[in-house]
């Protein structure tokens with residue numbers, strides 16, 4: 001991993017799991033890392049834990065509640081006022097398979113937190129990210145992208161809600177957004193890069209949180225059976241670190257572990273639906289319409 005001294009990185013969901021490991025690795029290489037977290041208390045704990053390790057970087061905290069687009073706009077304003085540039089944005093935070101819940105704006109919470117809020121955050125930070133060549137946006141998805149489909153007629157699960165289908169939809173949307181962003185950046189001649197990464201089967205707090213919310217013994221048994229396949233968060237984070245820092249990583253690429261399950265990172269295949277330009281543009285236009293009211 002190259003030296004990151006002088007780079008400023010914003011990592012969403014940085015208080016635990018993949019986000020914390022991302023922050024830790026970037027700090028160890030000298031970056032200034034902004035911890036974008038919903039809970040200020042958890043963010044302070046993460047900052048304290050990071051300072052206990054050997055690091056040459058600096059840690060900042062940003063209150064960032066991705067379940068409320070108005071709070072995303074406020075957070076962007078804070079970043080713009082404090083920093084003259086931003087070298088790296090890691091769209092890492094996410095929810096996995098909660099009960100049907102709507103945000104303050106009336107959006108299904110997984111579609112909102114995993115996709116819409118990160119899209120809004122990215123688009124509003126583009127001027128700051130474009131200040132210097134070599135800046136990157138890394139959007140974190142999951143293997144669920146391969147099972148996902150966009151329910152065009154019921155994006156928010158109001159007619160019928162399946163929490164795993166909604167999760168897969170949001171993870172497919174992550175990839176579609178990142179690739180369409182890459183396409184639009186190329187068309188404008190921007191030097192900013194947009195990449196995608198997924199951790200494979202990485203053990204984070206998402207699994208335990210999902211079990212608590214579902215109270216499903218079947219899922220509990222399934223996780224126990226799959227336990228040998230899971231790798232640590234410190235391994236699962238490698239694809240997004242490669243996408244964020246490797247000189248060889250190129251805009252539009254996606255990285256994941258070997259066989260999309262576990263192991264060291266490599267270029268990986270993209271969900272076929274995300275390669276459909278017409279679908280990507282349709283999702284972009286719909287999503288842009290949903291966030292527009294909160295951006296202005």
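Couple of notes before you dig in:
- Entry remark, region 151-171: residues being touching a residue at least 60 places away in the same chain (Cβ under 8 Å) and over 18 Å from the mean Cα position of the chain (by Cα) number 4 in total.
Per-residue answers, yes or no, for (1) over 21 Å from residue 126 (Cβ atoms); (2) surrounded by 22 or more Cβ atoms within 10 Å (Cβ to Cβ); (3) modelled with pLDDT under 95; (4) touching a strand residue (DSSP E or B) at 6+ places or on another chain (Cβ under 8 Å):
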residue: 2; (1), (2), (3), (4): yes, no, no, no
residue: 19; (1), (2), (3), (4): yes, yes, no, yes
residue: 32; (1), (2), (3), (4): no, no, no, yes
residue: 40; (1), (2), (3), (4): yes, no, yes, yes
residue: 45; (1), (2), (3), (4): yes, no, no, no
residue: 50; (1), (2), (3), (4): yes, no, yes, yes
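- The set of residues from region 146-183 being part of a loop (DSSP other than H, G, I, E, B), touching a strand residue (DSSP E or B) at 6+ places or on another chain (Cβ under 9 Å) and more than 15 Å from residue 287 (Cα to Cα) comprises 157, 158, 161.
- Boolean, residue 244 is at pLDDT below 95 and within 17 Å of the chain's Cα centre (by Cα): no
- Scanning region 52-72 for residues that are surrounded by fewer than 17 Cβ atoms within 10 Å (Cβ to Cβ), touching a residue at least 40 places away in the same chain (Cβ under 8 Å) and either assigned to a helix (DSSP H, G or I) or in contact with a strand residue (DSSP E or B) (Cβ under 7 Å, 6 or more places away or on another chain) (or both) turns up just one, 70.
The values are calculated or read from the model by the stated rules, or taken from the named source; none is laboratory data. Predicted model, so just to flag it, every value in this text is computed and none were measured. Positions of Cβ are backbone-derived with ideal geometry, glycine not excepted, and every protein chain shown enters the neighbour counts.
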